[in-house]
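Nothing in this text is a laboratory measurement; each read-out follows from the coordinates by a stated rule. The structure displayed is predicted, hence computed values, not measured ones. Don't worry about glycine lacking a Cβ; one is built from the backbone with ideal geometry, like all the others, and counts go over all protein chains shown.
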Amino acid sequence: MSSLVIDAHQHFWDPARAHYPWMADAALTPIRRAFGPDDLAPLLAANGVDASIVVQCRSSIDETEGFLAIAAATPFVVGVVGWVDLTDPAVGAHLDRLQRRPDGGKLVGIRHQAHDEADADWLSRTDVRRGFAAVFERGLAYDLLVRSRELPAATAVVHAFPHGRFVLDHAAKPPIATGFDQHWADRLAALAACPNVWCKISGLATEADWRDWDAERLQPAIDHAGRCFGPDRLIFGSDWPVCLLAGSYDRIKAATETCLATLGATALDKARGANAQHAYRLTTGDPGC
């Protein structure tokens, strides 16, 4: 698996069949349509990407089950980061049911859109931490979807579960459009000091000005993430199709890899596949298995 190029962060959705609250903004109209495996497959092939991990889009176990079915039928989808209600006292039973499905082996992680919670400390709640315990007891990773506001709570949770595997999505969404943010940088460094956290270099173009960005605009944030996490904990993800708001799949991947290459050949190579394998414990020998 380590020789595979893995897009560790992509989505599928169909607004005609389900409600996505975060998609209500008029600015998101260009991506408010169905996107599925048939749309992504030619983009992966054209860009030398062998495999992908599909990530939750809404708070729905039904969506997670649908993604597992897609993964079972789609050779290039090697993992699913799904959703369960971490606050549900029966969260363990729900996870067990998902993992017992014939396609349950594709479940590699869980995510919740914590940055949309009113409470900046939502991740530190007692009932949420009980949910984290259930996730890690079952050998799954947890994706942290946070911004700078939630990073202190994320850091506290990571300290509380030193044997859990956490993956930070989108480098905690630095506000690239307004320039380098030291507040974000300091909080990211505190989180990165915990060795059980990986960082996805994903979704950064959409944190820049969608109409006026290039690799140079992304470089300061990626440089800082590189210094904080090092070459063994950076993971490439496209954030497709959200990324289409800022540019094509080809442009996003090329710019991200240009920035990662400045961190060294080892950092780029590991970010393209090996680190995702480690973080998510991907064990299949090739995307067709």
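Using Cα-Cα distances under 8 Å and only pairs 6 or more residues apart, what relative contact order does the range 98-218 have, in percent?
Relative contact order of the range 98-218: 22 percent.
In the chain, the DSSP-assigned H stretches of four residues or longer account for a calculated mean residue ellipticity at 222 nm of -11000 deg cm²/dmol, using -39500 (n - 2.57) per stretch and the full residue count as denominator. With Cα atoms defining each centre, the range 255-285 and the range 1-74 are spaced 20 Å apart in the structure. Subtracting the Cα-Cα distance of D85 and R33 from 0.36 nm times their residue separation leaves 16.1 nm of extension gain. Among beta bridges identified by DSSP and lying wholly in the range 1-148, the antiparallel ones come to about 5 percent.
All other residues with a Cβ under 14 Å from the Cβ of D62 taken together, and with Lys, Arg as +1 and Asp, Glu as -1, what is their net charge?
0
For the range 198-289, the relative contact order is 35 percent, taking Cα pairs closer than 8 Å that sit 6 or more residues apart in sequence and dividing their mean separation by the residue count. Mean separation of Cα pairs under 8 Å and 6 or more residues apart, divided by the residue count, gives the chain a relative contact order of 21 percent.
Just subtract the alpha-carbon distance of A46 and H19 from 0.36 nm times their residue separation and send over the number in nm, one decimal.
So the chain would gain 6.6 nm between A46 and H19.
The slack in the chain from L245 to E216, taken as 0.36 nm per residue of separation less the alpha-carbon distance, amounts to 8.6 nm. For L268, L260, the sequence from fewest to most other C-beta atoms within 10 Å is L268, L260.
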